[in-house]
1. Name every residue in region B:156-172 that is more than 7 Å from chain A (Cβ to nearest Cβ) and in contact with a Lys or Arg (Cβ under 6 Å, 6 or more places away or on another chain), in order of residue number.
2. Which of the following residues is at pLDDT 95 or above and either out of contact with any Lys or Arg (no Cβ under 9 Å at 6 or more places or on another chain) or under 29 Å from B:ILE169 (Cα atoms) (or both): A:VAL224, A:VAL317, A:VAL218?
3. Looking at (1) crowded, with 23+ Cβ neighbours inside 10 Å; (2) over 26 Å from B:ASP33 (Cβ atoms), which is the one condition that is false for B:ALA287?
4. Pairs, please: C-beta under 7 Å, at least 6 apart or cross-chain, first residue touching a residue at least 60 places away in the same chain (Cβ under 8 Å) and in region B:165-184, second surrounded by fewer than 16 Cβ atoms within 10 Å (Cβ to Cβ) and of a type in the set (S, T, N, Q)?
5. Before we move on, is A:ARG44 in contact with a strand residue (DSSP E or B) (Cβ under 8 Å, 6 or more places away or on another chain), part of a loop (DSSP other than H, G, I, E, B), buried (at least 20 other Cβ atoms within 10 Å of the Cβ) and in contact (Cβ under 8 Å) with a residue 24 or more places away in the chain?
6. Restricting the search to region B:38-66, which residues are acidic (Asp, Glu) and buried (at least 23 other Cβ atoms within 10 Å of the Cβ)?
7. Here are some residues: B:THR57, B:THR42, B:THR26. Which one is among the β-branched types (Val, Ile, Thr) and at pLDDT below 95?
8. Against the condition at the interface with chain A (Cβ under 10 Å from one of its Cβ atoms), closer than 21 Å to A:GLY190 by Cα and touching a helix residue (DSSP H, G or I) at 6+ places or on another chain (Cβ under 6 Å), how does B:GLY139 come out, does it pass?
Amino acid sequence: MKRPVIALLGLALAGPLAAQQPARIAEAQAVLAPLIESYGVSGREGPVRATVERLLPAWARTETDTAGNLWVRVGKGDPVVVFVAHMDEIGFLVSGIRDDGSLDITRRGGFFPSLFEAEPALVHTEAGPVPGVFTPRDSAPASPRRMPGPFRVDVGTTSRAATEALGVKVGQGVTMPKHYTRLAGTRASGRAMDDRVGCTALLLALRHLDPARLRHEVVFLFSVREEIGLEGAAAAAAALGTRTRRVHAIDTFVSADSPLEPQAFAVAPIGHGPVVRALDQSSVTPPALVDSVVALARARGIPLQTGATNGGNDGSVFGPWGVPDVPIGWPLRYAHSPAEVVDLGDVAHLGDVIAALAERW
Amino acid sequence: MVSRWKVRLALSLLAAGPAKALPAQTAGASAADLAVRLAGMTAVTGYEQRMVDTLLTLLPGSERDRAGDAVLALGTGVPRRLAACPVDETGYAVGQVRPDGWLTLHRSPVRLRVPGPLFDQQIEGQRVTVFGRRGAVPGVVAIRSIHLTRGRASIPNEPFTSDDAFVDIGAASAREVAALGVGVLSPVALAKRPHRYGSDRLAAPMAGRRAACAALLAAVRRTTAGQGAAPARGTTVVAFVVEQQLEARGLLTVATTRGPFDETWVADDSAGVAAIQAASLPAGPRAALGRVHGWAVATRYSGTAVETVSLGEVEQTSAKIADWLRGEAGQ
């Protein structure tokens, strides 16, 4: 009885999203929103890992490796195919506590620091978040520069002892507060869509695929420390070695879909489907594999774009073992800002592509 | 008797930002509570109507004057005193709706207390709220993706200005924008989420001005509740005034329509008090204000999205105002 049910499910996934939109969009949002509102500066991904584990289907079994990556292995036997999405986000770590109680901080990941200047802050302590503010520059000349110099975090204390009494320690993560916000239509905004959307898509795929249908082992890897050099994925790649036949980084396709961006490349409009990230600054996907993914998506009725963008991806670190990297993303506006915008239809379709690849490729 | 959940609902609506009229059942709210709630509201210069609606509800007996101020007159005779707090803030209005659904902005006029050169930059890459005809609409202000600047020209060294702003509300066409009730002239401001930190600090855009208004509001509510709406002696007019950034138009309207006054006290953040005391205002209306004094709420990080006040100091300011209202103040 299971096969017909699964076949029907496959047909349902393949149909136009518009026809099933409310339920599919609602499901994508129900997974994405709690992931967006979980905090995980690179190297401090614990809360995100906990949220991922909570959102997994009941049958899924997890392992956490020494790097902190969360593994979900489905199916048995070689070859191994890996889907990897990263759990970490840009932010800061506490690097010192001053005598006046304020915090020195160091950046984790690449972003414009002006986005954090004079914004609310949260220091993530063992006892929970301690609120504060990222300090504005002391004074602005008549013609200031856009980017601030180094700034600190003021947690509302006036001494080192008072700050330490709040549970604040060197090494803890510091972020802005985050809020998932639904925009018009099927669009949504929040910081750290990169790469919580990737995590969401893996979770949606896991929820929709039937583990019994897989013809080989598929690893769904939720990685750590991508933003500071693909470190978690590198550990996983080394652990798997030559067993891996193919890797799919499920990560942002940084899109030029904005009036501010040059239109020379990365022109993948949001709402037009996921994107095969065939060329970026860390990998080039063999054209035959791109064509194959496109054909599979077309056969399933899943909209799929292809393109080139900037940035690196977790799949690229599997290269030394001869593993082809076929990254697939979704178009994102305003990457690495608090204003990141996605289309929830793209998120749902990305889950469909992953499920199809896991089952059919 | 109004059930507790209805009061909670009303408070949450006020705190949410898009101003909804608030019933008077929050009479017992402290100045600190009111400061947090008012800090969650938006009143772009010239578009203060919803904020004033709320204040009218919170101040029984008050009325809207010809300028749009919320005004409450207490007592009769002399001396004639005015206590005022400005409610407006520098913000934006939609300047154009592009065919692709992005909005461009026009900054609200400012003649008093011109913001610094980094003011507009506060909205770049951040959440904003567009106040459309059908309610508040969330949006974000576009910023270049840092990845796409690598190996190419990055963003300029000069600060971001409102001319650089493209607001994305999720609409893909001008028609979708219109369907949300948004159009040219819809007010726009940073999304307001009052942020508490430390033992008693409140951070928000315009936290100082909002805290000052909360101090005045709480003092009036406390005083009128205890004295049957009568000040100690003479006439006291309490006004929450609009368009302060436009050379105090609301304040001067109160002066010319309700004055002349022997003295005027303005509750505002320190910079606002200094600005009104130094302002060059039209002579006749200015004279109707009488001597101008200030209840200044001290701020840190003034003019930023994390302008910070001490809620303890807000309570102290409110107590001072209450003394003045009762005629007990040796101000």
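The values are calculated or read from the model by the stated rules, or taken from the named source; none is laboratory data. Please read all numbers here as calculations on a predicted model, not as lab measurements. FYI the Cβ positions are ideal-geometry reconstructions off the backbone, even for glycines, and counts take in every protein chain you see.
1. Result: B:SER162, single match.
2. Only one candidate passes the filter, namely A:VAL317.
3. If we test B:ALA287 against (1) crowded, with 23+ Cβ neighbours inside 10 Å; (2) over 26 Å from B:ASP33 (Cβ atoms), just (1) comes out false.
4. B:VAL184/B:GLN96
5. So A:ARG44 passes the test.
6. Matches in region B:38-66: B:GLU48 only.
7. Within the list B:THR57, B:THR42, B:THR26, the selection yields B:THR26.
8. no
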